[in-house]
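What follows is a single structure, written as structure tokens, with notes after it.
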Amino acid sequence: MSTDHRRLGIIFFPAYDWAIDATHPEREERLLYTQDQLREEGIFDLPGISEHKPEVATAGMIERVHFCIPEVDAVTTPSHLIAAGGAVTAARLVMEKKVDRAFAMVRPPGHHAMKVVHGNRGFCSLNNEAVLVEYLREECGVRRIAIVDTDCHHGDGTQDIYWHDPEVLFISLHQDGRTIFPGTGFVRENGGPNAIGATVNIPLPPQTGDEGFLTVMERVVLPILEAFKPEIVINSAGQDNHYTDPITNMSFSAAGYARLNEMLNPHIAVLEGGYAIQGALPYTNLGICLAMAGHDFSAVREPDYDPERLRQSARVSEYIDTLCAQVMELHRRPPAPAGTPGEFAVRDKSIYYDTDGITEEQTERVLICRACAGLRIIETRASSFPLSICIEIPFAACRSCREAGEKHLREAKNSLRYRLIKLIDRPGKNVESFSDQDVSPRSKYFF
Amino acid sequence: MLLGIDVGGTHTDAVMIATNGIHAAAKVPTDHEDLLASVNAAIGEILRDVDPDAIRQINLSTTLTTNAIIEEKLEPVGMLVTGGPGIAPGHYTIGRHFHLLRGAIDHRGTEQEPLPDAELDAAVEACRAAGVRVFGAVTKFSPRNPVQEEQIVRRLQPDADFISIGHTLSGRLNFPRRVATAFYNSAVWRAYIDFIDAVETGVRKHGISARMDILKADGGTMPAAVSRTVPVQSILSGPAASIMGIVALCDIDEDAVILDIGGTTTDIAVFADGAPLVEPDGIAIGGHPTLVRAVITRSIGIGGDSEVVVENGDLRIGPRRRGPALACGGPVPTLIDAGNVTGTAQVGNPTASAAGFRELAAATGIDPEELARRAIARAMEQIRDAAHGLVTELNARPVYTIHELLTGKTLSPRQVYVMGGPAAVLAEPLAQAFGLPVTVPARHAVANAIGAALTRTTMEIELLADTERKELSIPNLDIRQKISFQFTLADAVAAGREHLLAFLRRQQIEDIDDDMIQVVEADSFNMISNYFTVGRNIRVSCQLKPSIRAAYREAVR
């Protein structure tokens, strides 16, 4: 085995018996041809490459990340717990040093799932990457983590979860929100008042090709990562920037995906979207696996790959040049943190769960804090569920945020305004859920 | 009556079994330079007690191909291969006459790039000039569409003595394994058919007119006629013969560990619900993974003749063998000597064993008998740990459906079966180490030949039906036929069974009925394009599992 090869663990779980519905893109067939390709190429026989079974994520792993309304079982199926568990298995293999790199090729995806979950949006119910990040922080002692989201759609769920967290860097490259779901991810969205600069958005124009993606990697992603110095880098590896994807408009190739992963060199990759299941996924997944394992990927290409036809226009290149400069300018000279410590910063959000047809109105208040991610209190009312409140005392919370959290929990219980009161208390390693019918917790987990 | 012959590394064993019992048994030394002579000698011994006309069936397990590969007695093979895009060709290049040609087929079986005749001509010419007479024709995704393999075969046919054709070797997808399997199959072909010709001549000379089947590494047999096109399948059939012997000798219906303890090593196998587990992809040959299926076994360097050493006050057993036990005139104390000292064994000269352990113990201050007891316990714990490791590994194998992941079977052995020379001596300490009941079957010393005699044909097929393209294929039977858009999963399962049965009947394999065919996989995927169902992608995998001729089971108990 040559020394530049890395041990790569692949958690391949195609969930051949689960679909959102019979003709939905997120269906049984999705990874079938990828498996054919990986098997035929003999990927699992390459030195250092191994295949692993996913674990099933426990309720505790989910509840320390998400406020599931009314509870985990109501918004998930076993498929979601296995996809999230697969991401955790990837992290576990790396942290236990059984492999150097791991790729969770699991479905369904997760990056549109936000802090509060009323249902499925953008094919996602649970945020697989966030479940994995909180496993790393809670159980492995990892503190600084970067997630680079290379799905074509803005990773709005992951952004929402880590918006206030200065220790988790979230970078998303995606097709410009003015042209595609979910319509967010603009340059000025760069993190909450406690975590300015820890969110980076790079909205790319339609028809961005290999050149554009790799330019962004070189000029924006790698320098920001270099400065942040994460202990672990995660690629939220959507494959729908591919030129054959049926629901997007980009011109990225399998070779480009492989090269991007070679540059990024993530410890862990988690499959996100990608619905060109015959023309793209077999080749992009092959390229990513080879790149992560440090094997030669120069012969990976799609049967209909034509670099001339896919070359991005000069206009797109110019636009991307300007975009990179803008993002770096904002990163180098971020606006001063707004607000006064001890006060709440407030955002109102309307969220639409496209898969389940649920609408949600949220008011999120976060305690401005220079010592931690800040106490977070979310009031939520959905078309499917009455007004409830979610209180998160964040990971590594400071003492005053912990005390404020306990005070707000007492007040919420006394107010009698909420159908559900949910608490995530990370320093206390405790999650609780109270209903308005009952003063004792409906459910309580220690993790 | 059935004649089973196992040409092993040390001995060639033969047994003659009728429904009413074992009628003859023979054991002759194996002559590595002349395996044929060993086979003839064993048959000669058997025929002292048996009338040749009474023999209905011969099953032969031979190390011929195994030895040819280990000793690198391989004929040069012209490999004609189209790879197309994908992993780097360095991963599947094999042999000195490897020709990578242009041409590509994708995962749906669409020919994406033709194979230029001029390139093919040049490669064939180069092989001819080098004096190459046997070939491998392999293309990526040939089980999906063999068109380019067929093109290569057509071009080669006038000149080749033999061609291994990728898709006929297995329907499973794994291009580098298909390349290596074709290579080794052609490389041993000539030596193999010369041997089989000679064995058949020898058998006729002995007055035997019975049909002959050849053992495979998966615990089953193939007709000799079939084996002439897939000689590589005869590799490593010895361990499988022993395991099938245990199946014949015992009533196993639970999860179990099977140990074959030899002089130098112990082979470990695991049974699930009484059936041996077969490597789903295949074994590695000469360091190359192949598509040759084999019973899953692990070998550990502990056997009866393993040296017992005290090193810095620490006991170590094996993996070295420096000779037989002291009790049998060997140079160093071994596990067998330990058995003599503790009193579980009565082998050779126990005084020599006792002296050896007194000397070992002197350095440690431990009582010699206690030291011998600890040596055996340590060795058995190492075997147990290796067996547990194998079980853990098997339980960790990936599955691809939520149903299997949540409700799938977990192996949990309830019983240990032991065979091999030191089996009886080590049964009690093994029971201690495993914490499970241990069985040593009465006739375990000839389990290999009994297994060889009684095991039956195995065969597997992979069927793919694509109702969008209206095509059904079974690559290793070289079947391709038209189907309708309405073709269902049930139709596919029925077709798979039918074609497999028809193939077996063509080989005149008796006593096969439909319920012996096991459907290993049956999946149907709706193929969707733009939110419309355009067809079904149906995959069925059927097999005839390794099994023992039931009518003869009582005869060997």
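The values are calculated or read from the model by the stated rules, or taken from the named source; none is laboratory data. Bear in mind the structure is a predicted one, so any value in this text is a computation, not a measurement. So basically every Cβ, Gly included, is an ideal-geometry build from the backbone, and we count neighbours across all protein chains shown. Just so you know, the surface numbers come from the protein's heavy atoms only, side chains and all, with ligands and any DNA or RNA stripped out. Shrake-Rupley method; radii C 1.70, N 1.55, O 1.52, S 1.80 Å.
For every helix of n ≥ 4 consecutive DSSP H residues, a contribution of -39,500 (n - 2.57) applies; sum these over chain B, divide by its total residues, and give [θ] at 222 nm rounded to the nearest 500 deg cm²/dmol.
-10500 deg cm²/dmol
How charged is the neighbourhood of A:Ala87? Take every other residue with its Cβ under 12 Å from the Cβ of A:Ala87, and add Lys/Arg as +1 and Asp/Glu as -1.
Local charge sum for A:Ala87: -2.
Using the crude model of +1 on Lys and Arg Cβ and -1 on Asp and Glu Cβ, and no other charge, please compute the dipole size for segment B:230-291 relative to its Cα centre, in debye to 20.
360
If one computes the Cα centroid of segment B:208-260 and of segment B:5-52, what distance in Å separates the two points?
That distance is 16 Å.
Positive end of the charge dipole of segment B:359-407 (Lys, Arg +1 and Asp, Glu -1 on Cβ, about the Cα centre): tell me which of B:Ala387, B:Gly365, B:Ile376 has its Cα farthest that way.
Farthest towards the positive pole: B:Ala387.
Can you run phi through the Karplus equation (6.51, -1.76, 1.60; θ = phi - 60°) for segment B:140-149 and list ³J(HN,Hα) in whole Hz, with x for Gly and Pro?
Calculated HN-Hα couplings, in order: 5, 6, 5, x, 7, 6, x, 4, 6, 5 Hz.
Between segment A:173-199 and segment B:61-116, how many Å separate their Cα centres?
Taking the Cα centre of segment B:61-116 as reference, the centre of segment A:173-199 is 50 Å away.
Where both partners of a DSSP beta bridge lie in the protein assembly as shown, what percent of those bridges are antiparallel, to the nearest 5?
60
When the accessible area of segment B:1-98 is split by element with a 1.4 Å probe, what percent falls to carbon and sulfur?
Values: 1900 of 3850 Å².
That fraction is 49 percent.
Within 15 Å, Cβ to Cβ, of B:Arg211, how many net charges do the neighbouring residues add up to if Lys/Arg are +1 and Asp/Glu are -1? Display every interim value, and only then the final one.
Working: positive: B:Arg56, B:Arg204, B:Arg228, B:Arg456, B:Arg505, B:Arg506, B:Arg549; negative: B:Asp53, B:Glu200, B:Asp213, B:Glu510, B:Asp511.
With Lys, Arg at +1 and Asp, Glu at -1, the net is +2.
With charges only on Cβ, +1 for K and R and -1 for D and E, what is the dipole size of segment A:295-447 about its Cα centre, in debye, rounded to 20?
Its charge dipole is roughly 840 debye.
Of B:Ala465, B:Gly304, B:Thr410, which is farthest on the positive side of the dipole of chain B, counting Cα position, with +1 on Lys and Arg Cβ, -1 on Asp and Glu Cβ, and the Cα centre as origin?
B:Ala465
With everything on Cα atoms, drop me the angle between helix B:423-434 and the longest principal axis of chain B, reported from 0 to 90° to the nearest 10.
Relative to chain B, helix B:423-434 is tipped by roughly 80 degrees.
According to the square roots a ≥ b ≥ c of the eigenvalues of the Cα gyration tensor, what is the shape class of segment A:8-332, taking rounded for a/c under 1.5, prolate for a/b larger than b/c otherwise, and oblate for the remainder?
rounded
Take chain A, connect every pair of alpha-carbon atoms lying under 10 Å apart with a spring to form a Gaussian network, then pick out the residue of A:Ala314, A:Ala59, A:Ala91 with the largest mean-square fluctuation.
A:Ala314
Taking the alpha carbon gyration tensor of segment B:394-479, what are the square roots of 5 times its eigenvalues, largest first, to the nearest whole Å?
41, 23, 7
When the dipole is taken about the Cα centre of segment B:456-553, and only Lys, Arg (+1) and Asp, Glu (-1) are charged at their Cβ, what size is it in debye, to the nearest 20?
So the dipole magnitude of segment B:456-553 works out to roughly 140 debye.
Is it possible to state the helix-based mean residue ellipticity at 222 nm for chain A, with each DSSP H run of 4+ residues giving -39500 (n - 2.57), the sum divided by total residues, to the nearest 500 deg cm²/dmol? What is it?
Value at 222 nm, helices only, nearest 500: -9000 deg cm²/dmol.
Once R0 is set to 30 Å, what does the formula 1/(1 + (r/R0)^6) return for the Cβ-Cβ distance between B:Arg414 and B:Glu510, expressed as a FRET efficiency to the nearest 0.05?
E between B:Arg414 and B:Glu510, to the nearest 0.05, is 0.30.
Between A:Asp321 and A:Leu222, with labels modelled 7 Å along Cα→Cβ, what's the label distance in nm to one decimal, could you check?
2.0
Given N residues in segment A:217-353, what is Rg(Cα) / (2.2 N^0.38 Å)?
1.29
Can you work out ³J(HN,Hα) from phi for every residue in segment B:361-375, in order, using Karplus 6.51 cos²θ - 1.76 cosθ + 1.60 and θ = phi - 60°, giving whole Hz and x for Gly and Pro?
So the Karplus estimates, Gly and Pro as x, are 5, 3, 6, 9, x, 9, 4, x, 5, 5, 4, 4, 4, 5, 4 Hz.
Kindly work out what percent of the DSSP beta bridges joining two residues of segment B:300-440 are antiparallel, to the nearest 5.
Percentage antiparallel, nearest 5: 75.
Which residues does the label zone of A:Lys407 cover in segment A:376-396, counting backbone N under 12 Å from a point 7 Å along Cα→Cβ?
none
Keeping every protein chain in place, order B:Val534, A:Val75 by accessible area at 1.4 Å, biggest value first, i.e. largest first.
Sorted descending by solvent-accessible area, the residues read B:Val534, A:Val75.
Only Cα pairs within less than 10 Å get springs; with that Gaussian network setup on chain A, which residue of A:Tyr162, A:Tyr33, A:Tyr275 has the largest fluctuation?
Ranking A:Tyr162, A:Tyr33, A:Tyr275 by mean-square fluctuation puts A:Tyr33 first.
Just the number, please: buried accessible area between A and B, total of both chains, 1.4 angstrom probe, nearest 100 square angstrom.
Its buried surface, counting both partners, is about 3600 Å².
List the residues of segment B:59-107 whose accessible area drops by at least 30 Å² when all protein chains are present, compared with their chain alone, using a 1.4 Å probe and counting only protein heavy atoms.
Those are B:Pro85, B:Gly86, B:Ile87, B:Ala88, B:His91, B:His107, which lose 30 Å² or more relative to the chain on its own.
Can you quote the Å³ per residue value for the convex hull of the Cα atoms in the protein assembly as shown, rounded to an integer?
193
Any idea what angle helix A:399-415 forms with the longest principal axis of chain A, computed on alpha-carbon atoms, 0 to 90 degrees, nearest 10?
Helix A:399-415 sits at roughly 60 degrees to that axis.
Roughly how many Å² of A:Asp245 are accessible to a 1.4 Å probe, to the nearest 10?
10
Of the heavy-atom accessible surface of segment B:136-221 (probe 1.4 angstrom), what whole percent is carbon and sulfur?
On the way: 1150 of 2280 Å².
Carbon with sulfur: 50 percent of the solvent-accessible area.
How large is the accessible surface per residue of the protein assembly as shown, computed with a 1.4 Å probe and reported in Å² as a whole number? Please report the intermediate quantities before stating the final value.
Values: 36840 Å² over 1004 residues.
On a per-residue basis, 37 Å².
Residue by residue through segment B:406-411, which ³J(HN,Hα) values in whole Hz follow from phi under the Karplus form 6.51 cos²θ - 1.76 cosθ + 1.60 (θ = phi - 60°), with glycine and proline marked x?
After applying 6.51 cos²θ - 1.76 cosθ + 1.60, I find 8, 10, x, 6, 10, 5 Hz.
For segment A:91-132, what % of the accessible area comes from carbon and sulfur atoms, probe 1.4 Å? The partial results should precede the final answer.
Values: 380 of 770 Å².
C and S atoms contribute 50 percent here.
With contacts defined as alpha carbon pairs under 8 Å and 6 or more residues apart, what's the relative contact order of segment B:456-553 in percent?
RCO, segment B:456-553: 37 percent.
Where does the charge balance sit around A:Glu218 when Lys and Arg score +1, Asp and Glu -1, over other residues with C-beta under 13 Å from its C-beta?
In short, -3.
For B:Arg374, tell me the accessible area in Å² from a 1.4 Å probe, rounded to the nearest 10.
110
I want the antiparallel fraction of DSSP beta bridges within chain B, as a percent rounded to 5.
For chain B, the DSSP antiparallel bridge percentage is about 70.
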